[in-house]
Amino acid sequence: MHPTTTLRAASRPAEPPQAPTQRDTAPRPLARLWRGRPEDHPAARPALLLLLAATAALYLWGLGASGWANSFYSAAAQAGSASWKAMFFASSDAASSITVDKTPMSLWVMALSVRLFGLSSWSILVPQALMGVATVWLLHGTVRRTTGNAWAGLAAGLVLALTPVATLMFRFNNPDALLLLLLVGATAATLRALEDPARAVRWLVLAGALVGFGFLTKMLQAFLVLPALGGVYLLAATVPFWRRVGHLLVAFASMVVAGGWWVLAVELWPASSRPWIGGSQNNSILELTLGYNGLGRLNGNEVGSVGGGGGGAGGGMWGQTGLTRLFDAEIGGQIAWLLPAALLLLRTELVAVVGAAVVLLATTAMAVVLLRRADGFLPWLAPTVAVAGVLVTGALLALPVVRRRLPYRAARRLGLGLAGAAVVTMLAGPAVYAVDTAASPHTGSIPTAGPDTGRGGPGGFGGGRPPGGFPGGRPGATGQQGAPQGAPQGQGFPQGQGFPQGQGTSQGQGSAQGQTGTGQNGTGQNGPTGGAGAGGLLEGSTSSAEVDALLTQDADSYTWVAAAVGSNSAAGFQLSTEEPVMAIGGFNGSDPSPTLSEFKQLVADGEIHWFIAGGGGGRGGPGASGSTSTEIQEWVEATFTAQTVDNTTLYDLSGGVQ
């Protein structure tokens, strides 16, 4: 090297060491996913991932065993997958004769899934399971952020995942899965508005929109959270009072827009070119909202309503009402496990060791009561939980004295061990109920979680478990694919509360395994063993290969391959053939659609091929004097010739009036 070059290099100031770039210091995506937040315990994020994986396994395990689950909604999802118009209105069939008795958002999700993956029980039920995993994750994040404690978030997520009724909801295709996800999201957004006053309006707009979407999922039920969400923000926000009021008004406007646009579209749409609004007597979505799904759910006095029979401690055919209902034999095992703890923890001073012991003891007592109701189900569990609860409670009370005599690390390990033992004791009962729920198929309109408690109430109405499950293949499709055997357990109606002849319901406190109901043709809810059946109010019909062959014969020449009284009576045949089947009278046969004159005209025009007899509905449905569906059924029976195929009575309407 030249001497001058060497001198220059020696005289040049040394360059400072380069700082690592952001790319060098930022954790890789997978590492960031595994490590979680820097302030959390290193094990917190792996524990969350394990919780989500276990939740997914619980909610997805053996999911196809429930078949079509609630055939009423499964048929509407199938219809929506075949017709965008049917999807928009939540029609029961692709030809859009009548809608379901709910707003459509949960059906949109299922219909899109069926469009993407084809019609199967998995394409209908998997979205609900994924909503469950998302809800657990969202609840964990909300509690973790609010409390600043990752373990509190994990505990909240674990409790939700193991609540028996949540396990059922996220393994079933009723609208509740999406509703719960949306309302947990609305709660999270409201809490973010409290934490971030500068962006409070944005968060409240989101919260309002999510509640509005909840309305589009299950109508007025979504609004039950409004007093809590609005009250918390009004009382706890740090901005001036009138600004809080203004913020809440903005949130309310967001809710109205998010939930009201569809209602406005339906009301403005010409009635002649849209389906009848199921559940209404005047073809009105507002009537459905405020009547059948509003006051009707409270007093049961609306036409066709399935509401409870009065207030107070009284009850109707749908079970007891009153403040203690969540603890009774019918519902307690599904939800009540931690309610004593929740009530006690409302007293904020119950956070010391004595308070924890009281909460544990109360939860243990509740668990023992609930477990003893399920006669014959793990009989050893109730005494085990009782003994464990007493022992852990005693240990918690002795902990302050013992810790003084132990080294710090030993005392800390002892405290953590007792905390873990307390959690196991409190969650043992709901955990086994949740696993039992996941291991059992559920069908019908009103399923129940957990083992049989001999409740005999509405929890068993159309919510039973097919004996032996659904052997092989798609349920209710063809004979060789295996239709459910007899009526699921617990689907009978209490004596004196049955439905008129022709509705396939049994008498007494549920039907015995493999038995059929007492309806017309002896088909019962699911029909005779191995055959087809017309279904009933709360349980879908089943078809067979022979019936399918008749219904699909020259199907392209008809708008509806068949018609049946009641949505569940039509649902099984529609799901089996994937062709439109008209549900006369809607869910329970009480809606005046179509009228007798309209039905006669459709028959004369060659729009309907077959009439399937033996369907059923509820109050105001078939068997009720003067009901539209009864008039149609009587006219068909008097005008056309019946034929029986695989225990199913059908009338061929294609020959015109005879």
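³J(HN,Hα) across segment 375-381 via Karplus (A = 6.51, B = -1.76, C = 1.60, θ = phi - 60°), whole Hz, x for Gly/Pro?
Couplings: 4, x, 8, 6, x, 7, 6 Hz.
Among 44-55, 568-579, 187-198, what's the highest-first ranking by average C-beta atoms within 10 angstrom per residue?
Highest-to-lowest ranking by the protection proxy: 568-579, 187-198, 44-55.
Where does each of 540-549, 558-567 land if you order them by average Cβ count within 10 Å, highest first?
Descending mean neighbour count gives 558-567, 540-549.
On the accessible surface of segment 172-268, probed at 1.4 Å, how many percent belong to carbon and sulfur atoms?
The computed percentage sits at 75.
Add +1 for every Lys or Arg and -1 for every Asp or Glu among the other residues with Cβ under 14 Å from the Cβ of residue 154, and state the total.
Counting the neighbours of residue 154, the net charge comes to +3.
Name the residues whose placed amide hydrogens come within less than 5 Å of the amide hydrogen of residue 276, ignoring near sequence neighbours (fewer than 5 apart) on the same chain.
Here the answer is 98, 99, since their amide H atoms fall under 5 Å of that of residue 276.
Accessible area per residue for segment 53-111 in Å², computed with a 1.4 Å probe and the full protein assembly in place, what is it?
23
Taking a cut-off of 18 Å between Cα atoms, list the lysines near residue 102, but don't count ones fewer than 8 places away on the same chain.
Residue 102 reaches 85, 218.
Taking amide H positions as placed 1.01 Å from N in the peptide plane, with prolines and chain starts having none, which residues 5 or more places from residue 581, or on another chain, fall under 5 Å of its amide H?
Residues meeting the criterion, in which the H sits 1.01 Å from N, are 94.
Suppose R0 equals 60 Å. What FRET efficiency, 1/(1 + (r/R0)^6) with r the Cβ-Cβ distance, do residue 242 and residue 112 give to the nearest 0.05?
Efficiency computed from Cβ-Cβ geometry: 0.90.
Under the Karplus relation 6.51 cos²θ - 1.76 cosθ + 1.60, θ = phi - 60°, what is the ordered set of whole-Hz ³J(HN,Hα) values for segment 191-208, x standing for Gly and Pro?
5, 5, 5, 5, 7, 10, x, 5, 10, 4, 5, 4, 5, 5, 4, 5, 4, x
Explain nothing, just compute: Karplus ³J(HN,Hα) = 6.51 cos²θ - 1.76 cosθ + 1.60, θ = phi - 60°, for every residue of segment 428-438 in order, whole Hz, x for Gly and Pro.
Couplings: 4, x, x, 5, 5, 5, 5, 5, 4, 5, 5 Hz.
Which of the peptides 383-394, 234-245 is most tightly packed, and how do the rest follow, judged by the mean count of other Cβ atoms within 10 Å per residue?
Ranking the peptides 383-394, 234-245 by packing returns 383-394, 234-245.
Near the amide H of residue 442, under 5 Å away, which other amide H atoms are found, from residues 5 or more places off or on another chain, if H is placed in the peptide plane?
66
Subtracting the Cα-Cα distance from 0.36 nm times the residue separation, let me have the gained length for residue 556 to residue 147 in nm, one decimal.
Net length gain for the segment: 141.2 nm.
The values are calculated or read from the model by the stated rules, or taken from the named source; none is laboratory data. From a predicted model like this one, the values you see are computed outputs, not experimental measurements. Here the Cβ is made from the backbone with ideal geometry for all residues, glycine too, and neighbour counts use every protein chain on show. Heads up: the accessible areas ignore ligands, DNA and RNA and are worked out on the full protein's heavy atoms, side chains in. Shrake-Rupley method; radii C 1.70, N 1.55, O 1.52, S 1.80 Å.
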